[in-house]
Amino acid sequence: MKRPGKIIFFMLFVSLLSACSSDASSKNTSKEDNQLVIGIDDAFAPMGFRDENNEIVGFDIDLVKAAGEKMGKDVVIQPIDWSAKESELNSGRIDLIWNGYTVTDERKEKVLFTKPYLANAQVIVTLKDSTIEKLDDLKGKNVGLQAQSSASDALKSAPIASDIKQVTEYKDNVLALSDLKNGRVDAVVIDEVVIDYYMTKEPDTYKILKESLAPEEYAVGVKKGNDALLKEVQKALDELIADGTAAKISEKWFGEDKILK
């Protein structure tokens, strides 16, 4: 006599689960259709950083918003721990890595890349009055750089690496440059586009060594297997380059058109 009641209860339970699943599926689809979550390092000027009003601004921020308009997407800027960027992407918490993201062979094994849109280089910056003038002068010195960045890869590949006294890794470039000014490190390995920006803010503080470590290029990172999104982002980038929008954004932040054609 109790079995029909149990069956009815079970059917109601299954129905409830199905409704919840359908609702969750609807929400996921809605997010994928309408939102584009962008993972950034919010202390990476001038690519993506917080201004004096704590608003996230920058070259890549303007570029991705323009791309979002082309794609019909609602762009959501999501600051992340840059050292965990690939994990954030592969977990689905972000849709794209788009913030001065350097193309490397190691990263190609983890993510899909668009075509590069901006050239860069890893350079050595010291204080303006430093006696360090060339790479060989780094022997026995303390060097700082951002953790899990292409700066680390560039330094490890340089012949001078084995002669450096100590390498200190930082969460972001701002902390590395702060320690440089405070004398805790003798030099910092950093993206050329980044230090160029800071030198416009503090022209009498830094100098860049003439010898750079490695040329590189920036591109957008997409989760492996998501070829449809990669194609969509690339199409938007191509259109922004073709119609001159990307060039205008570059001129705004760099004073010139640095976009790779």
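The values are calculated or read from the model by the stated rules, or taken from the named source; none is laboratory data. This structure is a prediction, so every number in the text was calculated from the model and none was measured. All Cβ positions, even for glycine, are placed from backbone atoms using ideal geometry, and neighbour counts span all protein chains on display. Quick note on the areas: whole protein, heavy atoms, side chains included, nothing else; ligands and nucleic acids left out. Shrake-Rupley method; radii C 1.70, N 1.55, O 1.52, S 1.80 Å.
The table for this structure:
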read-out	value
Neighbour count of at most 14 Cβ within 10 Å plus DSSP loop: longest GluC sites (Glu not before Pro)-free window in the chain	134-210
Above-threshold pairs, the threshold being 26 Å between Cα atoms, out of Lys73/Lys231; Lys85/Lys248; Lys65/Lys156; Lys70/Lys224; Lys85/Lys165	Lys85/Lys248; Lys65/Lys156; Lys85/Lys165
Farthest positive-ward along the chain dipole, Cα basis, beta-carbon charges - from Leu89, Pro79, Leu175	Leu89
Residue-by-residue Karplus 3J(HN,Hα) for segment 68-85, coefficients 6.51, -1.76, 1.60, Hz, glycine and proline x	x, 5, 4, 8, x, 10, 8, 7, 10, 8, 10, x, 9, 6, 4, 5, 10, 4
Computed [θ] at 222 nm, helices only, for the chain once each DSSP H run of length n ≥ 4 contributes -39500 (n - 2.57)	-13000 deg cm²/dmol
Most positive-pole-ward Cα, Ser157, Val194, Leu138, against dipole of segment 117-211 from beta carbon charges	Leu138
Sequence-distant residues sharing a close amide H with Gln35 (under 5 Å, placed H)	Asp74
Candidates per trypsin sites (Lys or Arg not before Pro) in segment 103-205, loop by DSSP, up to 13 other Cβ within 10 Å	Lys128, Lys134, Lys139, Lys165, Arg184
Net charge dipole size for the chain [Lys, Arg +1 and Asp, Glu -1 on Cβ; Debye, nearest 20]	1280 debye
Computed Kirkwood radius, in angstrom, where 1/r is averaged over Cα pairs of segment 216-261	11.7 Å
The chain - percent of accessible surface contributed by carbon and sulfur, probe 1.4 Å	50 percent
Residue among Met71, Met199, Met47 with the largest mean-square fluctuation in a Gaussian network model of the chain, springs linking Cα atoms under 10 Å	Met199
Surface accessible to a 1.4 Å probe, per residue, for the residues of segment 93-252, Å²	48 Å²
Dipole of segment 83-130, positive end: most advanced residue of Thr126, Pro116, Thr104 [Cβ charges, Cα centre]	Pro116
Candidate aspartates and glutamates - alpha carbon under 19 Å from Lys110, same-chain residues fewer than 8 apart omitted	Asp41, Asp81, Glu86, Glu88, Asp95, Asp153, Glu216, Glu217, Asp227
